[in-house]
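Nothing in this text is a laboratory measurement; each read-out follows from the coordinates by a stated rule. Every value quoted in this text rests on a predicted model; they were computed, and no experiment measured them. Using ideal geometry, Cβ is built from the backbone for each residue, glycine included, and neighbour counts are taken over all protein chains shown.
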Amino acid sequence: MAEITWELFERQVEECRLCPLCRNITRKVPGQGDRQAPLMLIGEGPGQTEDEEGLAFVGAAGQLLTKMLGAIGLPRERVYICNIVKCRPPDNRVPTPEEAEACRIHLRMQTWLVRPKVILLLGSTAAKNLLDPEIRITRERGKWTERKGVWMMPTYHPSALLRDASKKPQAWEDMKSLREKLKELGLYRDLPELWKE
Ligand code: URA
């Protein structure tokens with residue numbers, strides 16, 4: 001079996017034709033950030049700006065995400081950010097279960113390569129695909145689940161916060177809980193001085 005490397009991952013995503021989403025895109029959006037990060041963030045799928053730039057979370061939602069991370073003293077470059085699907089769904093619709101399943105091979109490989117200790121699931125698509133297909137984000141956000149030594153927590157997607165600011169206090173609670181989890185796991189030692197209190 002071929003050794004799993006970042007080069008293999010990148011080539012596999014670039015050459016992927018496993019679902020129809022790649023037919024209408026400008027660029028693939030594999031994900032980016034610190035490849036040794038203890039914290040991985042997983043969103044839904046690229047939007048227009050991400051599709052144009054080939055980078056995850058660089059549009060309006062991404063800017064809010066950068067602020068949310070900054071609010072707990074976490075520079076965005078120190079985390080790894082990616083999505084459930086690597087190609088933009090037309091009109092930013094939610095990826096179908098089949099599209100998400102087809103793309104799963106890439107997410108698995110990338111999770112294997114990063115080996116995060118903590119995963120923040122941004123929005124219900126990420127939560128449904130990685131925790132429970134029936135999950136209701138309004139009810140389950142902020143709750144931690146441990147699987148094979150990896151801690152996962154769903155929270156609102158930043159786009160949901162842009163649409164409905166009344167959700168922001170709960171999202172802030174989740175960010176504080178994320179900070180506490182990182183501290184509890186001793187992962188603050190891996191983060192820059194700035195982050196330490
Ligand atoms: N929304 C997502 O879920 N992912 C992105 O990369 C951008 C917006």
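With a point put 7 Å past each Cα toward its Cβ, work out how far R136 is from D91 in nm, to one decimal.
Output for this residue pair reads 2.7 nm.
For E44, E14, what ranking results if the residue with the fewest other Cβ atoms within 10 Å of its Cβ goes first?
E14, E44
Ordered by packing density, taken as the mean number of other Cβ atoms within 10 Å over each peptide's residues, highest first, how do 23-31, 137-145 rank?
Values: 23-31: 17.7, 137-145: 15.8.
Result, highest mean Cβ count within 10 Å first: 23-31, 137-145.
With an 8 Å cut-off on Cα pairs and a minimum separation of 6 or more residues, tell me the relative contact order of region 22-174 in percent.
Here the relative contact order equals 26 percent.
With contacts defined as alpha carbon pairs under 8 Å and 6 or more residues apart, what's the relative contact order of region 1-61 in percent?
Rounded, it is 31 percent for region 1-61.
How high is the FRET efficiency between R147 and R35 when r is their beta carbon distance and R₀ equals 22 Å, given to the nearest 0.05?
It comes to 0.55.
Summing +1 for each Lys or Arg and -1 for each Asp or Glu, what net charge is found among the other residues whose Cβ lies under 13 Å from the Cβ of L162?
Numbers: positive: K67, R163, K167, K168; negative: D164.
That works out to +3.
Please arrange C19, C87, C82 by how many other C-beta atoms lie within 10 Å of their C-beta, fewest to most.
Lowest to highest Cβ neighbour count: C19, C82, C87.
Are any of the pairs K117/K168; K28/K181; K28/K176; K86/K183; K28/K167 more than 29 Å apart by Cα-Cα distance, and if so, which?
Those over the limit are K28/K181; K28/K176; K86/K183; K28/K167.
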